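Trainee: Provided herewith is a single structure, encoded as structure tokens, for subsequent inquiry.
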Amino acid sequence: MSKILVLNGNPKPESLSHSFSEAYSQGVLDSGNMAKVIHISELNFDLNLENGYAKKQELGKDLKNLQKEIQDADRVVIITPVWWGTVPAKLKGVFDRILLPGFAFEYQRGKANPRKLLQGKKGSIIVTMDTPVWYYRLFQGDPIIKTIKRTILEFCGVKVDHISRFGPILSSTQEQREKWIRQVNMAGQRDALKSAL
């Protein structure tokens, strides 16, 4: 049985990302695996890493709990809207605050690349956008995926094996959104089975 952590990166309490998070986790549960959903709208923390890595900054209860959930998970799923080409500030604040040296990576003397401390975990990325997906990928360069996949998750050792993009959201119908929610639910079932292998 695999354990999957779903992080809803939309700071709004009600959103399509929220619906996707619940649908994905239900798919995981339907496959007989374990799911934990964390909505960043419910997290209370200072998102500013005010001294960089120069000084230790107290994490607080919510961020310590999130770190533990990441450590315990077989798969980490990031569900987020695209805001100004990349992630909302509060989600970026989560990454800045919890993916610290000694937890997510470790610098190695004399080596350019740090040791990846979250190795062995798998990852999924699900994004929503108001831009047409083809335009975002072709003309804007898909920056949110490059950021989350390459420079965050894979930098820490999480192997991303599932990416989904949905949009444009603003012009979508209720019928289209329900179809997307069903697709995300099926992705949860599929990813859970892959994580269990």
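Computed from the coordinates by the stated procedures, all read-outs in this text should not be read as laboratory data. No experiment lies behind these values; they were computed from the predicted model shown. Positions of Cβ are generated from backbone atoms using ideal geometry, with glycine treated the same way; all protein chains shown enter the neighbour counts.
Trainee: Take peptides 153-164, 55-66, 112-123 and line them up by average Cβ neighbours within 10 Å, highest first, as a rough protection proxy. Working shown, then result.
Mentor: Values: 153-164: 17.7, 55-66: 13.8, 112-123: 15.3.
Order by mean packing, descending: 153-164, 112-123, 55-66.
Trainee: Follow-up question, since we're still on this one. Out of residues 5 or more away from residue 166 or on other chains, whose amide H comes under 5 Å of its own, with H placed 1.01 Å from N in the peptide plane?
Mentor: Under 5 Å from the amide H of residue 166 lie the amide H atoms of 127, 128, 129, each far enough along the sequence or on another chain.
Trainee: Could I ask something else about it? Provide the percentage of antiparallel DSSP beta bridges, counting only those with both residues in the chain; round to the nearest 5.
Mentor: Numbers: 3 of 29 bridges.
Taking every DSSP beta bridge with both residues in the chain, the antiparallel ones total about 10 percent.
Trainee: Which ³J(HN,Hα) values in Hz, rounded to whole numbers, follow from the phi angles of the stretch 129-139 under the Karplus curve 6.51 cos²θ - 1.76 cosθ + 1.60, where θ = phi - 60° and Gly and Pro get x?
Mentor: For the stretch 129-139, the Karplus curve yields 8, 8, 6, x, 4, 4, 5, 4, 6, 7, 9 Hz.
Trainee: Let me ask something else about it. Which label belongs to the value computed from this structure, given these candidates for Kirkwood radius over Cα pairs in Å: (i) 18.5; (ii) 21.2; (iii) 17.2?
Mentor: Derived directly from the coordinates: (iii).
Trainee: Now for a different question. May I ask for the distance between the Cα centers of the stretch 79-123 and the stretch 1-57, given as a whole number of Å?
Mentor: Distance between centres, Cα-based: 14 Å.
Trainee: So if I restrict to the alpha-carbon atoms in the stretch 59-150, what is the Rg, and what is Dmax, the biggest pairwise distance, in Å?
Mentor: 15.0, 45
Trainee: Between 163, 140, 196, whose Cα lies farthest towards the positive end of the dipole of the stretch 99-197 when Lys and Arg beta carbons carry +1 and Asp and Glu beta carbons carry -1, centred on the Cα centre?
Mentor: Comparing the listed Cα positions along the dipole, 196 ranks first.
Trainee: Subtracting the Cα-Cα distance from 0.36 nm times the residue separation, let me have the gained length for residue 190 to residue 90 in nm, one decimal.
Mentor: 33.1 nm
Trainee: Here's something else I'd like to know. When only Cα pairs under 8 Å and 6 or more residues apart are kept, what is the percent relative contact order across the stretch 57-197?
Mentor: 26 percent
Trainee: Which whole-percent values make up P(r) of the stretch 16-84 when all C-alpha to C-alpha distances are grouped in 5 Å steps starting at zero?
Mentor: Per 5 Å bin, starting at zero, the Cα-Cα P(r) for the stretch 16-84 comes out as 3, 13, 19, 21, 20, 13, 6, 3, 1 percent.
Trainee: Using only DSSP helix segments of four residues or longer, with each worth -39500 (n - 2.57), what per-residue ellipticity at 222 nm results for the chain after dividing by its residue count and rounding to 500?
Mentor: On the way: 5 runs with 66 residues, N = 197.
Counting only the DSSP helices, I get -10500 deg cm²/dmol.
Trainee: Say each of residue 58 and residue 139 gets a label point 7 Å from the Cα, pointing the same way as Cα to Cβ; how far apart are those two points in nm?
Mentor: The two pseudo-label positions are separated by 4.9 nm.
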